[in-house]
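Peer 1: Shown below is the structure under consideration.
The values are calculated or read from the model by the stated rules, or taken from the named source; none is laboratory data. Model, not experiment: these values are computed from the prediction. Here the Cβ is made from the backbone with ideal geometry for all residues, glycine too, and neighbour counts use every protein chain on show.
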Amino acid sequence: MSDSIIVTGMVLTSMPVGDYDKRITILTLDRGKITAFARSARRPKSALVACTNPFAFGDFELYPGKNAYTLVKADIKNYFRELTMDPFAAYMGFYFCEFAEYCCQENNDEREMLRLLYQSLNALKSGKYDNSFVRAVYEDKALTIIGEGANVFECVACKKKSPLVAYSQEKGGLLCDECGKTHKNQISDATRYTLQYIAGSSIEKLYSFKVTDEVLAELIHVVGLHYSKMIRHSFKSLEVMRELT
């Protein structure tokens, strides 16, 4: 058997396999998205029970196999157990993980997405922010990370830098006061600044601000339009969230 490796990452999904095993997906710092099997992880006294649940973040010792890894043990730094106290927050977190699994690749540098996921789960856990705000920030920044973010720093029609007053779903970005003066998706200066801040900010500073209800409504609307343009996929966790509301 080859030597074991240690990776830092977070469990995105966990599925039962056979009578007692689990198959987990881990988003790692250096190896992107990987699949690992956890033998006997569903036995009540197994040391792998807790570390194979979604949200578990830490260091995982793995044996590389031909098509997947085998989990040996893990040193978990954060279980995000607080999320399980609120079903809606928990499924929001599941959605973040499901989105990351959908977008991330194997053997790819996904450290930015992992950091975004970690910070966003912390924001949910803190209870300081409206869940819809955390979702909008997560989706907007995630789209930027994977190269599908909206152009929010110049007019997508004429390249004018300012003032930017509307969002065009067709063109995938903001319009200036001349190109967008009659456009239906008008936005305030505060919303324009918020979009620019999310796009340009470091992940560590993403959740260092709050917005008014009016700006939040515009932010959710614009991010939702751009998200629906770029992501054509149905997420099971979102379906559950809709049933909870």
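Peer 1: Tell me the residue from Gly58, Gly18 that is farther than 20 Å from Phe99 by Cβ, without any contact (Cβ under 8 Å) to a residue 12 or more places away in the chain and not assigned by TED's automatic domain parsing to the domain that holds Arg115, please.
Peer 2: So the residue among Gly58, Gly18 that is farther than 20 Å from Phe99 by Cβ, without any contact (Cβ under 8 Å) to a residue 12 or more places away in the chain and not assigned by TED's automatic domain parsing to the domain that holds Arg115 is Gly18.
Peer 1: Hey, does the stretch 170-182 have a residue that's surrounded by fewer than 18 Cβ atoms within 10 Å (Cβ to Cβ), of a type outside the set (D, E, K, R) and either in contact with a Leu (Cβ under 8 Å, 6 or more places away or on another chain) or assigned to a helix (DSSP H, G or I) (or both)? First the steps, then the outcome.
Peer 2: Start the filter on the stretch 170-182 by keeping residues that are surrounded by fewer than 18 Cβ atoms within 10 Å (Cβ to Cβ), which leaves 170-172, 177-178, 181-182.
Restricting the remaining residues to those that are of a type outside the set (D, E, K, R) gives 172, 182.
Subsequent filtering for residues that are either in contact with a Leu (Cβ under 8 Å, 6 or more places away or on another chain) or assigned to a helix (DSSP H, G or I) (or both) retains none.
The answer is no, given that none of the residues of the stretch 170-182 is surrounded by fewer than 18 Cβ atoms within 10 Å (Cβ to Cβ), of a type outside the set (D, E, K, R) and either in contact with a Leu (Cβ under 8 Å, 6 or more places away or on another chain) or assigned to a helix (DSSP H, G or I) (or both).
Peer 1: What residue, among those in the stretch 169-202 that are touching a strand residue (DSSP E or B) at 6+ places or on another chain (Cβ under 8 Å) and of a type in the set (Gly, Ala, Ser), is nearest to Phe153 (Cα to Cα)?
Peer 2: Among them, the one singled out is Gly173.
Peer 1: Those residues that are of a type outside the set (A, V, I, L, M) and in a helix (DSSP H, G or I), I need them from the stretch 222-237; list them, please.
Peer 2: Hits for the stretch 222-237 are Gly224, His226, Tyr227, Ser228, Lys229, Lys236, Ser237.
Peer 1: Consider Leu206 carefully, then state whether it is surrounded by 15 or more Cβ atoms within 10 Å (Cβ to Cβ) and touching a strand residue (DSSP E or B) at 6+ places or on another chain (Cβ under 7 Å).
Peer 2: When the stated conditions are applied, Leu206 does not pass them.
Peer 1: Would you say Thr8 is surrounded by 15 or more Cβ atoms within 10 Å (Cβ to Cβ), within 26 Å of Met230 (Cα to Cα) and in contact (Cβ under 8 Å) with a residue 24 or more places away in the chain?
Peer 2: Answer is no for this residue.
Peer 1: Collect the residues in the stretch 49-64 that are farther than 13 Å from Pro16 by Cβ and out of contact with any Phe, Trp or Tyr (no Cβ under 8 Å at 6 or more places or on another chain), keeping them in residue-number order.
Peer 2: Of everything in the stretch 49-64, those that are farther than 13 Å from Pro16 by Cβ and out of contact with any Phe, Trp or Tyr (no Cβ under 8 Å at 6 or more places or on another chain) turn out to be Gly58, Asp59, Phe60, Glu61, Pro64.
Peer 1: A further question on this structure: Quick test of your reading of the structure: Ala90 fulfils all but one of (1) over 27 Å from Thr212 (Cβ atoms); (2) touching a residue at least 60 places away in the same chain (Cβ under 8 Å). Name the failing condition by number.
Peer 2: For Ala90, the exception is condition (2).
Peer 1: Now for a different question. Would you kindly identify the strands (runs of 3 or more DSSP E) lying entirely within the stretch 29-96 that contain at least 1 residues that are among the aromatic types (Phe, Trp, Tyr) and within 18 Å of the chain's Cα centre (by Cα)?
Peer 2: Counting at least 1 such residues, we get 57-64.
Peer 1: When the stretch 129-160 is examined, which residues are found to be free of Cβ contacts under 8 Å to residues at least 12 places away in the same chain and either more than 16 Å from Leu116 (Cα to Cα) or in a helix (DSSP H, G or I) (or both)? Show your work before the answer.
Peer 2: Residues of the stretch 129-160 that are free of Cβ contacts under 8 Å to residues at least 12 places away in the same chain, as a first pass: 147, 159.
Within the stretch 129-160, just Lys159 meets the criteria.
Peer 1: Return a yes/no flag: does the stretch 27-44 have any residue that is closer than 20 Å to Lys125 by Cβ and modelled with pLDDT under 95.
Peer 2: Within the stretch 27-44, none of the residues are closer than 20 Å to Lys125 by Cβ and modelled with pLDDT under 95.
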